[in-house]
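To start, the structure itself, in structure tokens.
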Amino acid sequence: MNSKYYLPARSTGEAPFTVAVTPETAGWSESSLWVVELGPGEHVEHRSGDNEILVVPLSGSAEVRCADETVTLAGRRSVFDGPTDFAYVGVDSSFRVASAAGGRFALCGARATRRMPFRYVPAADVPVELRGAGNCSRQVHNFGTADVFDADSIIACEVITPGGNWSSYPAHKHDENTDAESELEEIYYFEIDEGETGTPGFGFHRVYGTPERPIEVLEEVRSGDVVLVPHGYHGPSIAAPGYHMYYLNVMAGPGPERAWRICDDPAHTWLRTSWEHQEIDPRLPLHTGRPPQSSGE
């Protein structure tokens, strides 16, 4: 459909950035994402400005230096190898990401007003959760969610969807500040695992609105693609059979509370009760040896 909310791989950034989404380019006010690719021995310098930033290795390891502090991120081989350690950079800070062997790193950003200290979080502290059941099973790394990590405004997590499965389903929305919902702008950044023969994979992602606030997105997504969700119901994200899907979610909103409250599309919320009688996909968890939590959410 070639929606303006679909950003193909490498269409938004200039080297070394392959993705550069800011409130100004997205047409909203809060959420940002940069993805940087570094060759062996390369580094990038960045300033947070009015953003708080989570530095998340997608592949490879790095050193992150902020002021007179340096932390080493062990990272991971790929996004399909379990959760990673990460670093937090507060507002109005200059920082440097350097990689001896090279790699790819996400800088997840959100507008913030409260200054918080530079921090390191080990991978062992990242909760791994299994959601859904059957062909709606998926694995969630809750590294930057409101109930896990202390921050001013950013909410971030990673989702692994095994090939052939559906996630972000039932479709849900969070575009109003109410008792049942929180207003959050959301970025989806995708990577798709190769098939058994090394062929590139793909998936699909859907966003749709209400009569009062229409939006229409239905896109084939591949590694490096981004979909913006300014409002409306989003989901499903569908992984093509044979190809595992990863997406990084970055969210923030203008409301006074840092919270992720959602409303399902009422036509499909009944699906949650159907999971009570199904087993979780036995392929999960993918590439992690730690026992995950189990949830029907």
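Determine the distance separating the Cα centre of region 262-283 from the Cα centre of region 74-96; give it in Å without decimals. If we compute the Cα centre of each part, the gap is 31 Å. Placing pseudo-labels 7 Å out from each Cα toward the beta carbon at Ala267 and Asp179 gives an inter-label distance of 2.8 nm.
Counted by Cβ distance under 13 Å from Glu183, the other residues give a net charge of -4, where Lys and Arg count +1 and Asp and Glu count -1. Take 206-217, 122-133 and order them by the average number of nearby Cβ atoms within 10 Å per residue, most first; the result is 122-133, 206-217. Placing a label point 7 Å from the Cα of Arg114 along the Cα-to-Cβ direction, the residues of region 36-72 whose backbone N falls under 14 Å of that point are 52. Placing R0 at 25 angstrom, the Cβ-Cβ distance between Glu194 and Ala101 gives a FRET efficiency of 0.75 after rounding to 0.05. Please state the relative contact order of the chain as a whole percent: Cα pairs under 8 Å, 6+ residues apart? Relative contact order, the chain: 21 percent. For region 10-26, backbone phi angles converted through the Karplus equation (6.51, -1.76, 1.60; θ = phi - 60°) give residue-by-residue couplings of 6, 9, 10, x, 10, 3, x, 7, 9, 9, 9, 10, 10, x, 5, 6, 7 Hz, Gly and Pro being listed as x.
Ranked from highest to lowest mean number of other Cβ atoms within 10 Å per residue, what is the order of the peptides 102-108, 112-118, 148-154, 42-48? Display every interim value, and only then the final one.
On the way: 102-108: 23.6, 112-118: 13.6, 148-154: 19.1, 42-48: 15.4.
Output ranking for 102-108, 112-118, 148-154, 42-48: 102-108, 148-154, 42-48, 112-118.
Only the coordinates and a few stated rules stand behind these numbers; no lab work does. Computed from a predicted model, the values in this text were never measured in an experiment. In this analysis, Cβ positions are derived from the backbone assuming ideal geometry, glycine residues included, and neighbour counts consider all displayed protein chains.
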